[in-house]
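Data block below; observations after.
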Amino acid sequence: MKKYLLSSVFALVGLGLVAAPLALAQDASGQITIKNPAEYNSYQNAVSQTTPQAKAAASEAFLSAYPQSVVKTAVLNQLLDAYTQFDASKAVDAANRLLQVDPTNLKALYLIAFIKKQQATQVAASNPTQQAQLLDDAAAAAQKGLALAKPDGVAEDAFKKQKATTDPFFHSVIAYDDIYSKKDLQGAITEFRTELEMLSAANPAATQVAPALNDTLVLGQTYTQLKPADMINGVWYMSRAENFAPANFKPVIEKQAKYWYKRFHGTEDGYDAVMAASAKSVFPPQDFKIDPAPTSKQIADKFVTDNPDFTTYAMGDSEYVLANASPDNAEKLWATLKDKVVIIPGTVISADANQIKLAVTDDAKADKVADFTINMKKPLADKDIPAVGSDVKNLVGTYDSYTQTPPQIIMREGEFQVEKKPVSHHKPAAGHHSQN
């Protein structure tokens, strides 16, 4: 916890948000306006402490004794800086107290968002409900920070510099709230992209390191969780994160990115080109594309084009073409199959005296679904009904009809024969498996 708190202080120094050493309030003549000696001494005691714990204690004592002091805002700033270094919860409390007297305090809003987001991460696995509430609180502070106008007395250039650094972080906080609390994935995508756009415009190198690089990865993951998934954008942002991730994280990110790339493209061919492109740009160019894998229809129609002799087809090839090819190609094949008598080897999915349903292709067997229905020529005796899960190799039937959705071939005049008829064999169509 201490390491986290100290890192937040360093971040604030970089943002120019840490308060300068406290100065006593002065009137127009430059004279100190604390007239009460006891108040002045208490104030000096708070200012002079050298450790965060002592400074916090002395500041709390001052604020308790002099709640309406002219230096209340300055002391609250000091209190916030002190708590930030050793107690996150008290830092949030101090930030809220500071906002009561100084509603335009950017540092206080930033720290609330920062700490609440960190606390949400710590409870994510154990308490999702608490995580959502913490993110809601963080996002509320972030929204106020984004809407904040320049306070009086702050130089325009200084305020713009602070906002240019805090606003990307605020958008990041809102994005995580959208994901884990609001369940608004599209909203999160918009917030992440806004964050990266702002960082890229100011300093492109900032997008290549944490925390922006982590947000880039989460952006890619979020695209893949849309319904339907946007795999192209998902792969782009994951591969960009892979490009700049520390070496020990690269394999994990690569596995994710390649999974979605292969799921969309069909193979890993061309992934290196995506990696090279995403290394050069935060966002995908307008002409960026990933060619999708061929559809089942395209595979089936190509198989027919490449293998015009239907008589050479194995049973699995025929089924794949009938189920997936264009109606024209399916009908051409069916014209050569209808009324043909064949052996139908497969695994029994269901059976009774009048009908047997078989899984014939490897895909059907793996899914344990029937792709052939055989209506028996004569009712089977109970002892001849095959058991579910058993394999049959001597069942004969006549092609009768088929359906494309769901894929199903209907046979008639089924009967068991002792003699096996030879079955033609042919290399199965790409993208599916024929029966064993």
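Things to note:
- Take the conditions (1) of a type in the set (S, T, N, Q); (2) farther than 18 Å from T121 by Cβ; (3) assigned by TED's automatic domain parsing to the domain that holds A120; T190 misses just one of them, which is (3).
- Index of the failed condition, S126 passing every other in (1) part of a helix (DSSP H, G or I); (2) under 21 Å from the mean Cα position of the chain (by Cα); (3) free of Cβ contacts under 8 Å to residues at least 40 places away in the same chain: (1)
One line per residue, one yes/no per condition, for (1) without any contact (Cβ under 8 Å) to a residue 60 or more places away in the chain; (2) not hydrophobic (A, V, I, L, M, F, W, C); (3) not assigned by TED's automatic domain parsing to the domain that holds L395:
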site	(1), (2), (3)
F310	yes, no, no
A314	no, no, no
D317	no, yes, no
A330	no, no, no
A335	yes, no, no
D339	no, yes, no
V342	no, no, no
G346	no, yes, no
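- Region 160-207, residues that are closer than 16 Å to A113 by Cβ, among the charged types (D, E, K, R) and touching a Lys or Arg at 6+ places or on another chain (Cβ under 9 Å): K163, D177
- Test for D87: is it of a type in the set (D, E, K, R) and farther than 30 Å from K182 by Cβ: no
- Among the residues here, S326 does not qualify as in contact with a Gly (Cβ under 9 Å, 6 or more places away or on another chain), surrounded by fewer than 19 Cβ atoms within 10 Å (Cβ to Cβ) and among the small types (G, A, S).
- Among the residues making up region 251-286, those that are of a type in the set (D, E) and over 21 Å from the mean Cα position of the chain (by Cα) are D269, D272.
- Checked against (1) hydrophobic (A, V, I, L, M, F, W, C); (2) buried (at least 17 other Cβ atoms within 10 Å of the Cβ); (3) without any contact (Cβ under 8 Å) to a residue 12 or more places away in the chain, A273 meets all criteria but (2).
- Of everything in region 319-349 that is of a type in the set (A, V, I, L, M, F, W, C) and assigned to a loop (DSSP other than H, G, I, E, B), the residue that is farthest from R412 (Cα to Cα) is A325.
- Within the option set A95, A139, being within 26 Å of the chain's Cα centre (by Cα), over 26 Å from N36 (Cβ atoms), surrounded by 19 or more Cβ atoms within 10 Å (Cβ to Cβ) and in the same structural domain as F159 (by TED's automatic domain parsing) holds for one residue only, A139.
- Elements of type helices (runs of 4 or more DSSP H) contained in region 208-314, each with 2 or more residues being over 30 Å from F114 (Cβ atoms): 231-244, 250-265, 271-280, 296-306
- In region 36-77, residue nearest to the chain's Cα centre (by Cα) [restricted to those that are outside any helix (DSSP H, G or I) and surrounded by fewer than 15 Cβ atoms within 10 Å (Cβ to Cβ)]: T51
The values are calculated or read from the model by the stated rules, or taken from the named source; none is laboratory data. Because the structure is a prediction, the values reported are computed rather than measured. All Cβ positions, even for glycine, are placed from backbone atoms using ideal geometry, and neighbour counts span all protein chains on display.
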